[in-house]
1. Whole number please: convex hull volume per residue, Cα atoms of the stretch 12-60, in Å³.
2. Cβ under 15 Å from residue 26's Cβ, residue 26 left aside: what net charge do those residues give with Lys, Arg +1 and Asp, Glu -1?
3. Take the alpha-carbon centre of the stretch 17-40, take the same for the stretch 45-61, and report the distance between them in whole Å.
4. Between residue 80 and residue 112, what length in nm is gained on full extension when 0.36 nm per residue of separation is reduced by their alpha carbon distance?
5. Over the chain, how many pairs of lysines fall under 27 Å by alpha carbon, counting only those 8 or more apart in sequence or from different chains?
6. What order do you get for 92-98, 54-60 when each peptide is scored by the mean count of other beta carbon atoms within 10 Å, highest first?
7. Among 65, 82, 107, whose Cα sits farthest toward the positive end of the charge dipole of the stretch 62-112 (+1 at Cβ of Lys/Arg, -1 at Cβ of Asp/Glu, about the Cα centre)?
8. Given R₀ = 22 Å, what would the calculated FRET efficiency be for residue 97 paired with residue 43, taking r from the Cβ atoms and rounding to 0.05?
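Read the figures in this text as sums done on the coordinates, not as results from a lab. Nothing here was measured: the structure is a model prediction, and the numbers come from that model. A quick note on method: Cβ atoms are made from the backbone with ideal geometry, for glycine too, and the neighbour counts reach across all protein chains shown.
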Amino acid sequence: QVQLVESGGGLVQAGGSLRLSCAASESIYAMAWYRQAPGKQRDLVASITSDGSTNYADSVKGRFTISRDNAKKTVYLRMNSLKPEDTAVYYCYANRFASAYWGQGTQVTVSS
């Protein structure tokens, strides 16, 4: 059973920055960040493989950066130029041996 522990959410003004962290209990190949706003579905924000290949949602390209430290089994999401529409609960996701794991979620609120 893989455990994912997220941190780094909070309240920030529009234009500000935050960095989210997700520490895994096991080494993971594919990791990602998703987000879910109230009344909306959970959507992919960014993903990264163990060799560093990344993928981003169009809405965050150029503003968010996903990275990972394999030695620490941790994935990060650097969020710059935050907008009110980025407000959501952000979830860490990991896929290991075809099983999916989710973190508990961390709230990000961007005020206008």
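1. Expressed per residue, the convex hull around the Cα atoms of the stretch 12-60 is 122 Å³.
2. Residues near residue 26 contribute +3 overall.
3. Computed from Cα coordinates, the inter-centre distance equals 11 Å.
4. Extra length from residue 80 to residue 112 when fully extended: 10.1 nm.
5. Values: 40/61; 40/83; 61/72; 61/73; 61/83.
Here the count comes out as 5.
6. Per-residue Cβ counts within 10 Å, averaged per peptide and sorted highest first, yield 92-98, 54-60.
7. 65
8. 0.35
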